[in-house]
Amino acid sequence: MICPSCQASLLRKERAGSVCSSCGRAFALDPKVHGRGMHDTRIRRIAEHATDGGRRQITVTQLWYLARNANRTWTAAPASGRPPWIGRTVGVVLVAGLVALGFLIGEGHFSGLLWWAGAAVAALVYMVAKGRPHRPARRAGGYLSPSLRDFRSMICVRWVQAYGSLPPGIVDDEKYQETGGDTRGGAGAVRRTGGQPRPEAVELLCSDRAVRVFLAANGFPRRLNLTLAARLDELSGTGPVVVLHDADVRGLHLVADTRASLPQRVVVDAGLPVRAVVGNSTAVKLHEEPPAGVLREQPPWLARIAQAAPEEAAWLTEGWRSPVAAAPPALLASAVERAVQKARGGRERQPAAAVGFMSWPEPAAPKDGT
């Protein structure tokens, strides 16, 4: 690997203990230890791009999405082939039959030929009975590499040990103290950010803590007169509401629940559009079984999506999702600003906006995971 400090090319034996034998400086990550692409130079480059040189704050979780080295996904598949016991049972029966055949034909002139002919037929029967190897039913799924737990260990432990602090512009969303409101229950239980809602304030509902910390750390509540809430029951103001959510069934259902619970208030769907994810090879895709009750009830918003975009409705009902926290930070910030402006304008909601098709700004071409 290349030393991030002196740029020397180091063999494995020349970087023992995560210390460069050329310049004597410690580094945090070694690709041979922490996985492909996990080295200081790449992480610095991704962080610098995402934070705009440290002028924007992003969370460790957002950095994890950007720095991932793999996003493996697989579709559901039914069970196939025959169970192993069928082949074993048929095999035992055929062997017993061949033994019996040997006793019956005795030692006549053609007995050996008859026995081998019987053995050939038995082998053919066994192959047919055995069939293709059994494969159990497989559920759809997906994961990111490295895992969030491993990545947090790399950045929040190894990186801090090597450099004394997180990369410029990176915020630990698990330790970030959201200010304002009721702080009982610790940082993770903070009800809202930005103080008590004023009549003209917009309330932003988002269940993803990493996104709320991203917005709070970048001063969105103060700059946009915005309050942040993690749950629907935390909305207590009278102004418009912006719902920021993942591209998935749960997120779209949250929008519908919010509109049903607050019929007198403007509710803007600022969720990650499904159309921006389906067919996009660079988007993060994960799988989570959607709430059975939602699909069983066939809500109107799902029917509208199925009519307008059947492929996207199928993607949703199969349980696929894409986290809004995985969106490029600059794109996410711009989308929130546009959603707040739209909420304040109180414009009539278009049918597409009602099902999570709010127009997000077009993302820039991704570079090295960013």
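The values are calculated or read from the model by the stated rules, or taken from the named source; none is laboratory data. Keep in mind it's a predicted model, so treat the numbers as computed, not measured. Positions of Cβ are generated from backbone atoms using ideal geometry, with glycine treated the same way; all protein chains shown enter the neighbour counts.
Hey, any hits in segment 21-36 for a residue that's assigned to a loop (DSSP other than H, G, I, E, B), touching a residue at least 40 places away in the same chain (Cβ under 8 Å) and basic (Lys, Arg)? I'd like the intermediate steps shown before the answer.
Filtering segment 21-36 down to residues assigned to a loop (DSSP other than H, G, I, E, B) leaves 21-25, 27-30, 35-36.
Checking the rest, the ones that are also touching a residue at least 40 places away in the same chain (Cβ under 8 Å) come to 27-29, 35.
Now drop any that are not basic (Lys, Arg), which leaves none.
Scanning segment 21-36 turns up no residue that is assigned to a loop (DSSP other than H, G, I, E, B), touching a residue at least 40 places away in the same chain (Cβ under 8 Å) and basic (Lys, Arg).
Could you check, for segment 260-268, whether at least one of its residues is buried (at least 23 other Cβ atoms within 10 Å of the Cβ) and within 30 Å of Thr75 (Cβ to Cβ)?
no
Of all the residues that make up segment 231-246, how many are at pLDDT 95 or above and small (Gly, Ala, Ser)?
Result for segment 231-246: 0.
Please enumerate the residues belonging to segment 103-153 that are in a strand (DSSP E or B) and not aromatic (Phe, Trp, Tyr). Walk me through it before giving the result.
Of segment 103-153, the ones in a strand (DSSP E or B) are 135, 138, 141-145.
Arg135, Arg138, Gly141, Gly142, Leu144, Ser145 - these are the residues of segment 103-153 that are in a strand (DSSP E or B) and not aromatic (Phe, Trp, Tyr).
Out of contact with any Gly (no Cβ under 7 Å at 6 or more places or on another chain), modelled with pLDDT of 90 or more and of a type in the set (Gly, Ala, Ser) - does that describe any residue in segment 352-362?
No, segment 352-362 contains no residue that is out of contact with any Gly (no Cβ under 7 Å at 6 or more places or on another chain), modelled with pLDDT of 90 or more and of a type in the set (Gly, Ala, Ser).
Determine which single condition Lys175 fails, assuming it passes every other condition in (1) assigned to a helix (DSSP H, G or I); (2) modelled with pLDDT under 95; (3) of a type outside the set (A, V, I, L, M).
(1)
Here is a check on your reading of the model: is Val60 at pLDDT 85 or above and among the β-branched types (Val, Ile, Thr)?
On the way: at pLDDT 85 or above: yes; among the β-branched types (Val, Ile, Thr): yes.
In short, yes.
Looking at segment 227-261, which of the residues that are in contact with a helix residue (DSSP H, G or I) (Cβ under 9 Å, 6 or more places away or on another chain) and in a loop (DSSP other than H, G, I, E, B) is farthest from Glu311 (Cα to Cα)?
Gly239
When the residues of segment 316-337 are narrowed to those that are surrounded by fewer than 22 Cβ atoms within 10 Å (Cβ to Cβ) and closer than 23 Å to Arg138 by Cα, which ends up nearest to the chain's Cα centre (by Cα)?
Checked segment 316-337; the qualifying residue nearest to the chain's Cα centre (by Cα) is Gly319.
Identify all residues within segment 285-305 that are among the aliphatic types (A, V, I, L, M) and in contact with a Leu (Cβ under 9 Å, 6 or more places away or on another chain); write none if there are none. Talk me through it step by step, then tell me what you get.
Of segment 285-305, the ones among the aliphatic types (A, V, I, L, M) are 286, 292, 294-295, 302-303, 305.
Hits for segment 285-305 are Leu286, Val294, Leu295, Leu302, Ile305.
List pairs: first in segment 84-98 and farther than 12 Å from Ala129 by Cα, second assigned to a helix (DSSP H, G or I), Cβ under 7 Å, 6+ apart or cross-chain?
Gly97/Ala122; Leu98/Gly118; Leu98/Ala119; Leu98/Ala122
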